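The values are calculated or read from the model by the stated rules, or taken from the named source; none is laboratory data. Here the structure is a predicted model, which means the values were calculated and not measured. Positions of Cβ are generated from backbone atoms using ideal geometry, with glycine treated the same way; all protein chains shown enter the neighbour counts.
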Amino acid sequence: MSTSKNDILQGTLTLLVLKTLATSKRMHGYAITTHVQRVSDDLLRVEEGSLYPALHRMEQQGWLKSEWGLTEKNREARFYSLTAQGRKQLALEEVSWARFTEGVGRVLRYV
Amino acid sequence: MSWLRRLVNTFRPGLNRDIDRELSFHIAERAEQLREQGLSAEEAMRRARVQFGNPIAQRERTRDADISGWMDTALRNVRYAFRTLTHTPGFTVTVVLTLALGIGANTAVFSAIDAVLLRPLPFPDGDRLVLIEQTIEGSSNTAIAPARIEDWNRQSSTFEGITGFYVDDAVDTRGELPTRLRRAFVAPRFFDVMGVSPAAGHSFAAVDHHYGGPITLIISDRRWRSLGADPAMVGQSFRVGPNSIETIGIMPASFEFPAKEVDMWSADDIDAPWAISRALTWHTGIGRLKAGVTLEQAQADLSRVQAGLASQFPNTDGKIRVRVTPLKDTVVGGSRASLWLLFGSVSVLLLIACTNIAALLLSRAAKREPEIALRYSLGGSRRAVVGQLLTEAGVLACVGATLGLVVALGATRALRTLAPQLPRVDEIAIDGRILAYTVVSTAVVSLLCGLVPAWRGTRGVRPRPSPGRTQVSQRHSIQWVLVGVQVTLSVTLLAGAALLLRSVDALSRVDRGFDATRVLTFHISGTYGWETTDQHVQRINRAIDEIRELPGVESVAITSTLPGVRDEQQLEFALAEGRDRSSAPLVAEHRMVSPAYFETLQIPLLAGELCRRPADAGGKTGVVTEALVNRRFADLYLADRQAIGLHLTGGLDTLIKNGHLFGAPLPTRIVGIVGDAREHGADRAPSPTVYTCFSAPNPAPWHLVRTSGEPMAMATAIRLKVRELEPQRSVYDVIPLDTRIGDAYAQNRLRTSLLTCFALTALGLVVAGVYGTLSYAVSLRRREVALRLALGALRSTVVHELMATTVRIVGMSAAIGLVLALLFAQSLTTMLYGVTPTDPATLTGVVVVVLTVAFVAALVPATRAAFVQPMRALRED
């Protein structure tokens, strides 16, 4: 697989979503975007166009499960939560992300 | 299992709505947030939407994550195919019906092949069962002496067991009226070799095969049910004359060997006085091979054993050879070649139908060229378009195959009615195997029909919308190739059908050597149990004398074997006067007949005189004294001497049935020579035959009555007469002789009519193919033709030119078809009679018919093209 810029972003989005859902019980898509934005102090913005295809793909892969429910404002929304498989995946992605940043960092530190 | 979920999602109708709800929630939340930041409701909504992007594209992308892509494409293609196909109902119905008939007929014939030929016999390890025949130098198969079967079984090393059997009529005397039964007499080990034990009771023990031992019966399930299905029947004894017979077992319903109609099995006594002789023969041999033994090994082993016996018993075994063949081959018999022939022709027919449909789809694809060009220009790949066109063919094939299964169900039912004498016909059914076969053939048909149109239809199309006017395309040569294939294949089919028709015709013209019209056949029941041989003879003679006196009866005779049907009773005779040792054995058909047989069947007496009843000839009632031989016998064996006056000996085996000795041992005197009659089938040259004159070959022999009028009209009078004479006897199996002979050839006729039907259908498809292709070619050249006519070309030139193309292509294909026919006709050799597989007249006739038909089919579109109105055609489009 080629490591184009897109792929890295794609992989990052997966990691962000998994991590976000790992900290809370269940969340809808909009909440995920606001959570990432808030926690990253506006450094990261989830591109909305990529979010839903990613969520659905992750669900098909068995990392997430979804159900319809009501928000505090009584609106119908689709809530996602992490599955056991998703937790495993999160651990894997965290390791590979650490290695990735470590690798990039070493290259950048090299003079 | 994510692929499975995706597959399910592909078909989920609510998926889009679900996604839309989810996405619009997101936009609504975003808009609310923006509103809270102070924007107007309208502006907030607008900004939220802009930020989110094109909702339809988003929905599509999200959906793509949920579904299986190829399945979605396939589904869309199928939907599109259905839509376009319903726009052309005429085309669709034609193609679907053609395929339904083609696939249906193919499936039906395959189900017959599967049941009759492919599946093992319904016995455990049925593939290890073999038929063991003995052949005598220079003659066909003969029955086997029980003693020889025992020797084979003892001395061979490749068989688990060798046994034998013969089937005889029996009479059930329990009821008011005696009923006729079929009883198989079996050598030891019979049920072990077959691998089937009685469902209740037990099979024969050694003592049952001992002469003077208990007489025991194992009855068929059918017989047991007809007797009331009493489980206590096993172990019950009943008396027949001086004998006590015990029923010791009941066979399972599935066991139908050696014949479906067998009611019971009895143990043949291996040490009876007549069973010890190696010259007395009546068994058919069967054996079970040890696991892993090949046919060749078994054949070599048994040949070695028989060679040993030949040197040990040179007189009786010297000239005997053995032959081992799979038992299935015998059961299946002559139907193997017929079934493969039908399967071959029905497959060729399907192939013709496929080429026909391919040509139709091809012109359809050509008409859709603008659409395809548009798709290309919008970025559609050729692969996608090919997929689309193939799907269309697939949809047609699937719908056709579904209807085809209905056709196949009907056809197998019809086959069971039309061919009841086909072996294992009851086993034919449409089951999982057949369904799998249909699925595979549907896939093949889709590819056959769709591949060429999809490949050619998408090639060389330029990715730009076509201008308003249809372009003249030169790409119809492939269609003529398809027409050529149709013509070639149908010439082959027609040649086969024509040869078979010629054979049936030749058979109907053949001089059988006897006259079967106005002859009624029947039995009068009789039993071995109560009468002596003399009493049989006297009773039967009295009955035929009385029936002879009925008005409308011209003559009455008795025969052991029905004339004109395949029933061989070959025996080896000897001459009391002695013969040259080196000459061929006197193997001949043996028939026991009453003297009036020759008058009844109108077989001419050529020399000497007719035989007389033993009593009239000065002998004892129950002793055979006189015989007649046919001309072939005299010419073949006695050419160098005066046949009349010689004495025949041997040939005893059919005289011994159930331990009853009928007639004293020969010699019988040859008193005359009669004409050759085709006793065992119109298609079999008369073989040497000995007729011994005796009225009671068995207690219920065949009666033949020559009537002056319609034979069945005499049935009642005869029944009444017999009731008057013998109130306790029944007259059964009353059928005219020519009907019986006709039934014997039913398979032949069915095969011929089916093949003819296929061939005519093929011819019809050729007509459609030529007509359709030329019409299409003409429609493409319409403007060109119009222009030429406007410029002064002659209409006749145009017609001539179009016809020339057709005739050239059809002629060339017919020539190729002729070559194929010559190659394949060799496989018909055994089914032909009175015509060679390469008969020039038949083959020429076929080619002439095909050319004529194709010519006529082409004439219509060619003429229509020439009579186009130039100005109108040029203004069109």
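Of the residues B:Leu309, B:Leu289, B:Leu295, which is more than 39 Å from the chain's Cα centre (by Cα) and at pLDDT 85 or above?
On the way: B:Leu289 fails: more than 39 Å from the chain's Cα centre (by Cα); B:Leu295 fails: more than 39 Å from the chain's Cα centre (by Cα).
After ruling out the rest, the residue left standing is B:Leu309.
Just give me the residues in segment B:56-77 being hydroxyl-bearing (Ser, Thr, Tyr) and more than 12 Å from every other protein chain (Cβ to nearest Cβ), in sequence order. Break it down stepwise before answering.
Applying the first criterion (hydroxyl-bearing (Ser, Thr, Tyr)) to segment B:56-77 yields B:62, B:68, B:73.
B:Thr73, the sole residue that qualifies.
Listed by first and then second residue, the pairs with beta-carbon distance under 6 Å, at least 6 apart or on different chains, first residue in segment B:32-55 and within 12 Å of chain A (Cβ to nearest Cβ), second small (Gly, Ala, Ser) and surrounded by 14 or more Cβ atoms within 10 Å (Cβ to Cβ), are B:Ala48/B:Ala31; B:Gly53/A:Gly49. Restricting attention to segment B:176-199 and to residues that are at pLDDT below 90 and outside any loop (DSSP other than H, G, I, E, B), the residue that is farthest from B:Lys290 (Cα to Cα) turns out to be B:Thr179.
Matching residues to (1) in a helix (DSSP H, G or I); (2) at pLDDT 90 or above; (3) surrounded by 12 or more Cβ atoms within 10 Å (Cβ to Cβ); (4) more than 8 Å from chain B (Cβ to nearest Cβ):
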{"site": "A:Gln37", "(1), (2), (3), (4)": "yes, no, yes, yes"}
{"site": "A:Leu44", "(1), (2), (3), (4)": "no, no, yes, yes"}
{"site": "A:Pro53", "(1), (2), (3), (4)": "yes, no, yes, no"}
{"site": "A:Trp68", "(1), (2), (3), (4)": "no, yes, yes, yes"}
{"site": "A:Asn74", "(1), (2), (3), (4)": "no, no, no, yes"}
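Checking each residue in segment B:20-37 for being within 14 Å of A:Thr71 (Cβ to Cβ) and of a type in the set (Lys, Arg) picks out B:Arg21, B:Arg30. For segment B:840-859, does any single residue satisfy the condition of being among the hydroxyl-bearing types (Ser, Thr, Tyr), out of contact with any Pro (no Cβ under 6 Å at 6 or more places or on another chain) and modelled with pLDDT under 90? The answer is no, given that none of the residues of segment B:840-859 is among the hydroxyl-bearing types (Ser, Thr, Tyr), out of contact with any Pro (no Cβ under 6 Å at 6 or more places or on another chain) and modelled with pLDDT under 90. Quick check: is even one residue across segment A:78-86 within 9 Å of another protein chain (Cβ to nearest Cβ), surrounded by 12 or more Cβ atoms within 10 Å (Cβ to Cβ) and of a type outside the set (A, V, I, L, M)? Yes, segment A:78-86 contains a residue that is within 9 Å of another protein chain (Cβ to nearest Cβ), surrounded by 12 or more Cβ atoms within 10 Å (Cβ to Cβ) and of a type outside the set (A, V, I, L, M).
Residue count for segment B:122-173 under the criterion of being assigned to a strand (DSSP E or B) and modelled with pLDDT under 90: the result is 14.
Got a sec? Which helices (runs of 4 or more DSSP H) wholly within segment B:729-847 have at least 3 residues that are touching a helix residue (DSSP H, G or I) at 6+ places or on another chain (Cβ under 8 Å)? It comes to B:746-780, B:782-790, B:795-825. Residues that are crowded, with 18+ Cβ neighbours inside 10 Å and among the acidic types (Asp, Glu) within segment B:576-628 comprise B:Glu589, B:Glu626, listed in sequence order.
For (1) touching a Leu at 6+ places or on another chain (Cβ under 9 Å); (2) assigned to a loop (DSSP other than H, G, I, E, B); (3) at pLDDT below 90, each residue gets a yes or a no:
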residue	(1), (2), (3)
B:Val452	yes, no, yes
B:Gln471	no, yes, yes
B:Leu489	yes, no, no
B:Asp511	no, yes, yes
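The single condition among (1) more than 40 Å from the chain's Cα centre (by Cα); (2) in a loop (DSSP other than H, G, I, E, B); (3) closer than 20 Å to B:Tyr166 by Cα that B:Val207 does not satisfy is (2).
In segment B:397-432, which residue that is β-branched (Val, Ile, Thr) and at pLDDT 90 or above is farthest from the chain's Cα centre (by Cα)? If you could, list the steps in order and put the result at the bottom.
The first filter runs over segment B:397-432 and keeps only residues β-branched (Val, Ile, Thr), leaving B:399, B:402, B:406-407, B:412, B:417, B:425, B:428, B:430.
Now drop any that are not at pLDDT 90 or above, which leaves B:399, B:402, B:406-407.
Values: B:Val399: 28, B:Thr402: 24, B:Val406: 20, B:Val407: 18 Å.
Result: B:Val399.
Say whether the condition of being surrounded by 10 or more Cβ atoms within 10 Å (Cβ to Cβ), within 19 Å of A:His28 (Cα to Cα) and of a type outside the set (Ser, Thr, Tyr) is met by at least one residue in segment A:90-109. Yes, segment A:90-109 has at least one match. For segment B:1-14, the set of residues classified as more than 9 Å from chain A (Cβ to nearest Cβ) and buried (at least 17 other Cβ atoms within 10 Å of the Cβ) consists of B:Thr10 only. Would you be able to say whether some residue in segment B:372-383 is crowded, with 19+ Cβ neighbours inside 10 Å, at pLDDT below 85 and outside any helix (DSSP H, G or I)? No; the residues of segment B:372-383 include none that is crowded, with 19+ Cβ neighbours inside 10 Å, at pLDDT below 85 and outside any helix (DSSP H, G or I).
The residues listed here are A:Leu15, A:Leu44; of these, the one that is touching an Asp or Glu at 6+ places or on another chain (Cβ under 6 Å) and on the phi < 0 side of the Ramachandran plot is A:Leu15.
Of the residues in segment B:356-368, at least one is among the hydroxyl-bearing types (Ser, Thr, Tyr) and touching a residue at least 12 places away in the same chain (Cβ under 8 Å). Restricting segment B:263-299 to residues that are outside any loop (DSSP other than H, G, I, E, B) and β-branched (Val, Ile, Thr), the residue that is surrounded by the most Cβ atoms within 10 Å (Cβ to Cβ) is B:Ile286. Checked against (1) part of a helix (DSSP H, G or I); (2) within 12 Å of another protein chain (Cβ to nearest Cβ); (3) not small (Gly, Ala, Ser), A:Leu13 passes all but a single condition, namely (2). Filtering segment B:15-31 to residues that are within 60 Å of the chain's Cα centre (by Cα) and either among the charged types (D, E, K, R) or more than 9 Å from chain A (Cβ to nearest Cβ) (or both) leaves B:Leu15, B:Asn16, B:Arg17, B:Asp18. Considering only residues in segment A:18-35 that are within 14 Å of chain B (Cβ to nearest Cβ), part of a helix (DSSP H, G or I) and of a type in the set (A, V, I, L, M), the one that is surrounded by the most Cβ atoms within 10 Å (Cβ to Cβ) turns out to be A:Ile32.
Tell me, which residue of segment B:33-45 that is in contact with a Leu (Cβ under 9 Å, 6 or more places away or on another chain) and closer than 20 Å to B:Arg21 by Cα is surrounded by the most Cβ atoms within 10 Å (Cβ to Cβ)? So, considering only residues that are in contact with a Leu (Cβ under 9 Å, 6 or more places away or on another chain) and closer than 20 Å to B:Arg21 by Cα, the one surrounded by the most Cβ atoms within 10 Å (Cβ to Cβ) is B:Ala44.
Check A:Trp63, A:Trp97 and return the single one that is more than 8 Å from chain B (Cβ to nearest Cβ) and out of contact with any Lys or Arg (no Cβ under 9 Å at 6 or more places or on another chain).
On the way: A:Trp63 fails: out of contact with any Lys or Arg (no Cβ under 9 Å at 6 or more places or on another chain).
Selected residue: A:Trp97, the only one of A:Trp63, A:Trp97 that is more than 8 Å from chain B (Cβ to nearest Cβ) and out of contact with any Lys or Arg (no Cβ under 9 Å at 6 or more places or on another chain).
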